[in-house]
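Here's the structure we're looking at; comments come further down.
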Amino acid sequence: MKEYLDACCHAARAGGQQLEAWRNKFTTRNKSKNDLVTDADFASQQAIHDYLYERFPDHRFVGEENIDLPMTGNTQSEFLWIVDPLDGTLNYVHQLPFWSVSVALMRGEQVIAGAVYDPWLDELYSASLETPAKLNGNLLQSSACEKIEDALLIASLPTNVQRDSTDIADVVNLFCTARSVRRLGSAALNLCYVAAGRADGYWATNLKLWDMAAGWLIVERAGGVVTNLAGDPIDLDRPALVASANATLGKQIRNAVNWVP
Ligand code: 2AM
Ligand code: CA
């Protein structure tokens, strides 16, 4: 396991180096309205892939950016690397310092190791099934907050959120129930902030696996709880989640977003 965790950390840093290198020269294009991708996303994914391919040529690889890479062709291995080479591209493009690289390794249906790297602050979050969550080598512990009225929460909304959607109704109810709510722009880092006790909970309805695989394990290994909106295990095909510092708070967040006006 140690070599896998070590590889997650190295790969995330390798991606982060590319993001730093491209920070003042990238070009941007729209994948769809308000959904951006830059040269930096691709350079980071390539660097992560090349590093992992050298160490684990038989493993499988899925990254957010669709490029043809040797590891993506391997359908045999039970090991699957799941990579978001730049989580928070919109922030990156606007030079708002809240973006990250997320690298996770799944064996079968289980995430066994993960790392999230924030190049701006040089903060590396990591965890494995056999290792507690750490930030730059220091142990992480989620917060002790058990009351939603005392909680600082983070929420994510879909890229082109609709005015009359349940997402908007739910986030309004969170605003009226929690101490406050932030929308920060990188799901992977949001999860790490719950693990670190910088936020007490995080709610998102429709993430992608690469947004949350590493952060999910990091929250759980820091003592936090991650469930779907019903309090059950997450559906990996369509991850909607509540991550919370503890189960007591998680239930209150779920109640708030399942609220019917
Ligand atoms: P937000 O946190 O600013 O709302 C993950 O890469 C980021 O993409 C999320 O942090 C979120 O930004 C945004 N995002 C895009 N589509 C989303 C969706 N359907 N559900 C949740 N977050 C989404
Ligand atoms: Ca991304």
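Brief remarks on what is shown
- Annotation: per residue accessible area for the chain equals 46 Å², rounded to a whole number [probe 1.4 Å, protein chains only].
- Value of [θ]222 nm, deg cm²/dmol, for the chain, DSSP H segments ≥ 4, -39500 (n - 2.57) each, nearest 500: -10500 deg cm²/dmol
- Counted over region 108-261 with a bin width of 5 Å, the fraction of Cα pairs per bin, in whole percents, is 2, 11, 21, 24, 21, 13, 7, 2, 0, 0.
- Euclidean distance between Cα centres, region 1-70 to region 211-261, Å: 26
- For the chain, the residue among ALA21, CYS176, VAL116 whose Cα projects farthest onto the positive side of the dipole built from Cβ charges is CYS176.
- Rounded to the nearest whole Hz, the Karplus-based 3J(HN,Hα) values (6.51 cos²θ - 1.76 cosθ + 1.60, θ = phi - 60°) of region 239-244 follow the sequence x, 9, 8, 10, 9, 9, with x at glycine and proline.
- Taking 0.36 nm per residue of separation and subtracting the current Cα-Cα distance, fully stretching the chain between ASP39 and LEU236 would add 68.1 nm.
- The chain: angle of helix 2-21 to the longest principal axis, Cα-based, in degrees nearest 10: 90
- For the chain, the Cβ-based charge dipole about the Cα centre amounts to some 540 debye (Lys, Arg positive; Asp, Glu negative; other atoms uncharged).
- Using a simple spin-label model with pseudo-atoms 7 Å out from Cα toward Cβ, GLU130 and LYS2 lie 0.9 nm apart.
- Springs between Cα atoms under 10 Å define the GNM used for the chain, and in it the highest mean-square fluctuation of SER244, SER186, SER32 occurs at SER32.
- A Gaussian network model of the chain, with springs between Cα atoms under 10 Å, assigns the largest mean-square fluctuation among ALA199, ALA247, ALA213 to ALA247.
- Among GLY250, GLY137, GLY185: highest mean-square fluctuation, GNM of the chain, C-alpha pairs under 10 Å: GLY137
- Note on ALA247 and LEU121: the extension gain reaches 42.4 nm, defined as 0.36 nm multiplied by sequence separation minus the Cα-Cα distance.
- Fraction of accessible area attributable to carbon and sulfur, the chain (%, probe 1.4 Å): 48
The values are calculated or read from the model by the stated rules, or taken from the named source; none is laboratory data. Just so we're clear, the structure is a prediction, and the values are computed from it rather than from any experiment. Methodologically, a virtual Cβ is constructed for each residue, glycine included, from the backbone with ideal geometry; neighbour enumeration extends over all protein chains shown. For accessibility, only protein heavy atoms count, side chains too; no ligands or nucleic acids. Shrake-Rupley method; radii C 1.70, N 1.55, O 1.52, S 1.80 Å.
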